[in-house]
């Protein structure tokens, strides 16, 4: 499927968000085509490039027989490969206006099928569905922190961990996604791909210790690294030194755990 890369104008995105209430039944039913037609999406968009790109999302299937982390990794990789081939400055891919367009225009059916759930209680359903629409169709625009859910999150994890034209670290990131999320969600870490990649290489250097997935340590280990970073200028280290330092700090917690 060939698509033009566009973003919704900043003025109009608030109108689009306001239409959630009016169109919530359409969102719940997954009838995204009608939503796009109703809000004149194409009339309120800005073209980002004269080029179009090919988006291959045939396997964007919430009922895939792959494990969840594997499916998320493959989807993130597909998004990354798609946008990597474009000539658009990377900062555009971190803008909510871009994702609001892409998530409605291209991936809306997938998001509806995977994320927009039904609830037994009607009032709870309305509240929960509205929250999920905001989160998955609008890149968490009502919060100052970037969303760590949905397709933008899957893409950004790949973008931050893509190294030497390889997705090796990205795959590890998704295998140990709870620990990696705990690093990612800290605002001071988010723009620093070196720290995130060094953390993932630490997982590898520590022989993929099961504590990185343990319910008590999958957040404790990243928290320790965060606390360590608060009193150490990690930005002053070169990348290989950073890997050594973070690997050793992870190892300290592993040794304490026995």
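On a C-alpha basis, how far is the centre of region 152-186 from the centre of region 68-113 in Å? Whole number, if you could? Rounded to whole Å, the Cα centres lie 15 Å apart. The modelled label-to-label distance for the pair residue 67/residue 42, using points 7 Å beyond Cα in the direction of Cβ, is 4.3 nm. Simple spin-label estimate for residue 241 and residue 2 gives 5.1 nm between the two label positions (7 Å along the Cα-to-Cβ direction from each Cα). Cβ-Cβ distance of residue 204 and residue 95, R₀ of 41 Å, FRET efficiency by 1/(1 + (r/R0)^6): the value works out to about 0.80. Dividing the mean sequence gap of close Cα pairs (under 8 Å, 6+ apart) by how many residues region 199-255 holds gives a relative contact order of 56 percent.
Rounded to the nearest 0.05, the FRET efficiency derived from the C-beta distance between residue 178 and residue 87 at R0 = 30 Å is 0.25.
Rule-based calculations on the coordinates, nothing more; no lab input. Just so it is clear, the structure is predicted and the values come from calculations on it, not from any experiment. Neighbour counts are summed over all protein chains in view; Cβ atoms, including those assigned to glycine, are modelled from backbone coordinates with ideal geometry.
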